[in-house]
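The values are calculated or read from the model by the stated rules, or taken from the named source; none is laboratory data. Remember, predicted model here, so these are calculated numbers, not experimental data. Cβ sites come from the backbone with ideal geometry, for glycine too, and all protein chains shown count toward neighbours.
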Amino acid sequence: MTFGFDDCGLPWGAARPYPPFPHAYRGVEDALVAFEVPAAAVAPFLPRGVEPDADPCPAEAKVRWTPLSAHGPYHEAYVSATVRWRGDRFRFLLLAWTDNESPLIAGREIWGTPKKLGRMARSWEGLGGGFADMLTMTLERPAGLRLMTMGVTLDRPVPAPSGAALPTLLLKVVPDAANERPALAQLIRIDGHATLHRSADGAPFLFAGRPALSFDAASEADPLYRLRPARLTGATFARLDFSHGPGQVIHDYLAE
């Protein structure tokens, strides 16, 4: 069935906030802190049939700086947890923020990414000015209310991962016009295919170091504080390129 539409998105036509696929992202820098959180804290964020992978549940906090993309430059911060859906393991995106409207709208409209607008900053600044050994990143929403503080050191280069990353799992819910029930409720799978940058000697641009992480303000509008880490398990910093394409609908809740 065709609807006479060249592509998707609102506003329609030339005013659309993002282009058709593929969406390219270049020179992306990802700072990641791995941690554990009680499964009971993760469960309320998950839709029916999706369960924490373990107790405590492995989780990740990531702050991303994208200097060039189909959406322009932007920062992004999000927290995910390892989950199981019908025996398969995924990274389920629990909460997410960005500081650019194009990736916000694209993420929500296409895949159901739970993005909001937030204020992110990153710095190598040390005490009294100058530089420090730790890259620190902050997330605020609204301005002045800090939700997250994250830090990573770049202690040592590490080899590129040998296996494929876990696919991402998202819940896409679109309300009907009366806002009384979902017009659409789907589980969406996204498979990533990032390519690490390499230095002149061929080594991948990937470093491991010591983590720092706190979920600061207790805000029920952005309940990140409910996922405060029980234990930090690692930190990495990477520079990479990737492209986004369509996701895959793996379950339709309205068809149950």
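Numbers below:
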quantity: Pairs where the first residue, in the stretch 118-129, is within 22 Å of Gly144 (Cβ to Cβ) and the second is small (Gly, Ala, Ser), C-beta under 8 Å, 6+ apart; calculated: Gly118/Ala77; Arg119/Ala143; Met120/Ala77; Arg122/Ala31; Glu125/Ala132
quantity: One residue from Ala203, Ala212, Ala218 being over 21 Å from Ala59 (Cβ atoms) and over 16 Å from the mean Cα position of the chain (by Cα); calculated: Ala203
quantity: Those strands (runs of 3 or more DSSP E) lying entirely in the stretch 1-93 with at least 3 residues modelled with pLDDT of 95 or more, surrounded by fewer than 18 Cβ atoms within 10 Å (Cβ to Cβ) and out of contact with any Gly (no Cβ under 9 Å at 6 or more places or on another chain); calculated: 23-37
quantity: Meets criteria (touching a residue at least 60 places away in the same chain (Cβ under 8 Å) and surrounded by 15 or more Cβ atoms within 10 Å (Cβ to Cβ)) for Ala212; calculated: yes
quantity: Within the stretch 244-256, considering residues that are at pLDDT below 95 and surrounded by fewer than 19 Cβ atoms within 10 Å (Cβ to Cβ), the one farthest from the chain's Cα centre (by Cα); calculated: Glu256
quantity: Residue within the stretch 219-231 that is assigned to a strand (DSSP E or B) and at pLDDT 95 or above present; calculated: yes
quantity: Qualifying positions in the stretch 127-156 - exposed (fewer than 12 other Cβ atoms within 10 Å of the Cβ), touching a strand residue (DSSP E or B) at 6+ places or on another chain (Cβ under 7 Å) and farther than 17 Å from Asp216 by Cβ; calculated: Phe131, Arg156
quantity: The one condition in (1) crowded, with 18+ Cβ neighbours inside 10 Å; (2) touching a helix residue (DSSP H, G or I) at 6+ places or on another chain (Cβ under 7 Å) that Leu117 fails to fulfil; calculated: (1)
quantity: Count of residues meeting criterion [in contact (Cβ under 8 Å) with a residue 60 or more places away in the chain and either small (Gly, Ala, Ser) or under 26 Å from Arg210 (Cβ atoms) (or both)] in the stretch 98-117; calculated: 3
